[in-house]
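The values are calculated or read from the model by the stated rules, or taken from the named source; none is laboratory data. Keep in mind it's a predicted model, so treat the numbers as computed, not measured. Cβ atoms come from the backbone with ideal geometry, glycine included; neighbour counts cover every protein chain shown.
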Amino acid sequence: MAYLVPNRIGDHWQNLLVCNDARNHGESPHNDKHTYDLMGSDLIQFIQDHNIENPMLMGHSMGGKVMMNISLRQPQLPSKLIVIDMAPIKLQLTREYSDHIEAMREIQSRRLTKQKEADEILQKFEPDLIVRQFLLTNLKKSRSTGVYQFRIPYDILGRALSQMGGFSFETQSVPESRRYHGPTLFITGGKSPFRKQFVDHPELIKAQFPNSVIENIEDAGHWGKESTKCLLFVV
């Protein structure tokens, strides 16, 4: 599912912002296969189908890895790249992600009719209000039954978690054909658990994105749970 957001200044259209839900997210179609290569291919197909020329790609977290995947597979496609709080590095995801899947599974099984009840269950797995509110945006009430159900296929996402920490292009000896030389901005936060990737592996980032810079927003976190500022909203 894509959302078009015109950016108008005065009487002139400067550009068009296209917000695209990845497969198994938002209102996009569900699919048993959930990998960065496939999500990248989905977006490449969308860009081609809509004749979008010289797009600037931007993604946060998982979305950031999708955009990097596209840029390294088809370096001629994007004009610029912005990646929010995710480096082109393999990492081990923390337990909180599997906890969120378990919480969704329990909420769904209860056939709840009040969102407050869902939040009470979610609190057992996720104490942070900002993260809970984000997760609960995926909870929708059925018009026919009045029961709350998740619109995302949490079981598919749960099975894919082991792959979501990976990055298939990570290597220091990167062939020229697999580098993206376009302007690239990485944004991380001083209170984000993912900032360590940028501190520990600058050479891997430069090997794949030679024309990149890294900006750190000192008091911002990945979701906002680490601070009062969430990188997703600050940017």
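Count, please, the residues in the range 1-25 that happen to be farther than 20 Å from R73 by Cβ and at pLDDT 90 or above. Total meeting the criteria: 3.
Name the residue that is surrounded by the fewest Cβ atoms within 10 Å (Cβ to Cβ), counting only residues in the range 164-206 that are small (G, A, S) and touching a His at 6+ places or on another chain (Cβ under 7 Å).
So the residue we want is S192.
Does the range 75-94 contain any residue that is loosely packed, with under 14 Cβ neighbours inside 10 Å, touching a strand residue (DSSP E or B) at 6+ places or on another chain (Cβ under 8 Å) and either in a helix (DSSP H, G or I) or not acidic (D, E) (or both)? Yes, the range 75-94 contains a residue that is loosely packed, with under 14 Cβ neighbours inside 10 Å, touching a strand residue (DSSP E or B) at 6+ places or on another chain (Cβ under 8 Å) and either in a helix (DSSP H, G or I) or not acidic (D, E) (or both). The residue that is nearest to P153 (Cα to Cα), among those in the range 105-119 that are of a type in the set (S, T, N, Q) and assigned to a helix (DSSP H, G or I), is Q108.
Out of the residues in the range 26-43 that are in a loop (DSSP other than H, G, I, E, B) and closer than 22 Å to K90 by Cβ, which is farthest from the chain's Cα centre (by Cα)? Out of the qualifying residues, it is K33.
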